[in-house]
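Worksheet for the structure shown next.
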Amino acid sequence: MTTENASESKSKARHVNDNPSLGDIFPDLDPEAPVISGVAHDRTESLVTVNGVPDEPGIAAKVFTELARADINVDMIVQAASSDGTADISFTVPEAVIKATSKVLAGKKDEFGYRSLDINNNVGKVAVVGVGMKTHSGLAAKFFEALSNQCINVLMISTSEIRIAALVPLEQLDDAVRALHTAYGLDAVQVEAVVYGGTGR
């Protein structure tokens, strides 16, 4: 190869690297992979709501630091502020550690300054997973439309690059799984998995 040709090759290489393809950004993205590969569900989570904490910086950090010290794994998290200067922090934990969670929070009530604590064990998580979420739009809309069509109430939502998950009433979990199978065309293959509380999977 001549010096001129080598220089041209380097220039072309720089041009390619300056304009990465989806394959460069997501090297694990198989073009043959299905957009949605399956529906997963979890019956072993509990919903905890810490009502009326002061709506100020650092409160959430205190709550989750204490839970971490007790080796309690938290999954979905939502914080909602109100107009009276307080906020409600809701999160899910494995049902197996709900007593430990209640004990930690009860022991810190004065420090955290919250009003009350609610525990709901009658919840379940349903999720759709697939690497195609990285490149396809409209999948979240289809997810929530499918649940809405079955009058399934969504309590919490979490997402990642390859997953959309919702917390729903436990008595509606099976309906949610079936609705999502149908919405994403998975009825024929029935690809389904169980996710485990607190793992984020």
Of the criteria (1) in contact (Cβ under 8 Å) with a residue 60 or more places away in the chain; (2) exposed (fewer than 15 other Cβ atoms within 10 Å of the Cβ), which one Ser46 fails: (2)
Which numbered condition trips up Asn51, out of (1) in contact with a Lys or Arg (Cβ under 7 Å, 6 or more places away or on another chain); (2) surrounded by fewer than 18 Cβ atoms within 10 Å (Cβ to Cβ); (3) on the phi > 0 side of the Ramachandran plot? (3)
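For the stretch 129-177, which positions are of a type in the set (S, T, N, Q) and assigned to a strand (DSSP E or B)?
Ser158, Thr159, Ser160
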Within the stretch 127-161, count every residue that is in contact with a Ser or Thr (Cβ under 9 Å, 6 or more places away or on another chain), β-branched (Val, Ile, Thr) and under 21 Å from Arg43 (Cα atoms). 3
Mind listing whichever residues of the stretch 85-104 are of a type in the set (Asp, Glu) and not in a strand (DSSP E or B)? Glu95
For the stretch 158-175, which residues satisfy the criterion of being surrounded by fewer than 16 Cβ atoms within 10 Å (Cβ to Cβ) and at pLDDT 95 or above? Leu170, Glu171, Asp174
Looking at (1) of a type in the set (Gly, Ala, Ser); (2) surrounded by 12 or more Cβ atoms within 10 Å (Cβ to Cβ); (3) under 14 Å from Tyr184 (Cβ atoms), can you tell me which one Gly124 breaks? (3)
Six or more apart or on different chains, Cβ atoms under 6 Å: show the pairs whose first residue is in the stretch 173-187 and under 14 Å from Ile36 (Cα atoms) and whose second is of a type outside the set (Lys, Arg) and crowded, with 21+ Cβ neighbours inside 10 Å. Val177/Val39; Val177/Val126; Leu180/Val39; Leu180/Val128; His181/Val39; Tyr184/Ile36; Asp187/His181
Determine which member of the set Ser37, Ser90, Ser9 is under 23 Å from the mean Cα position of the chain (by Cα), among the polar types (S, T, N, Q) and modelled with pLDDT under 95. Ser37
Regarding the stretch 69-84, can at least one residue be identified that is assigned to a helix (DSSP H, G or I), modelled with pLDDT of 95 or more, outside the structural domain of Leu180 (by TED's automatic domain parsing) and farther than 24 Å from Val168 by Cα? yes
Of the conditions (1) exposed (fewer than 12 other Cβ atoms within 10 Å of the Cβ); (2) in contact with a Phe, Trp or Tyr (Cβ under 9 Å, 6 or more places away or on another chain); (3) not aromatic (Phe, Trp, Tyr), Ile89 fails just one. Which one is it? (1)
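The values are calculated or read from the model by the stated rules, or taken from the named source; none is laboratory data. The structure displayed is predicted, hence computed values, not measured ones. All Cβ positions, even for glycine, are placed from backbone atoms using ideal geometry, and neighbour counts span all protein chains on display.
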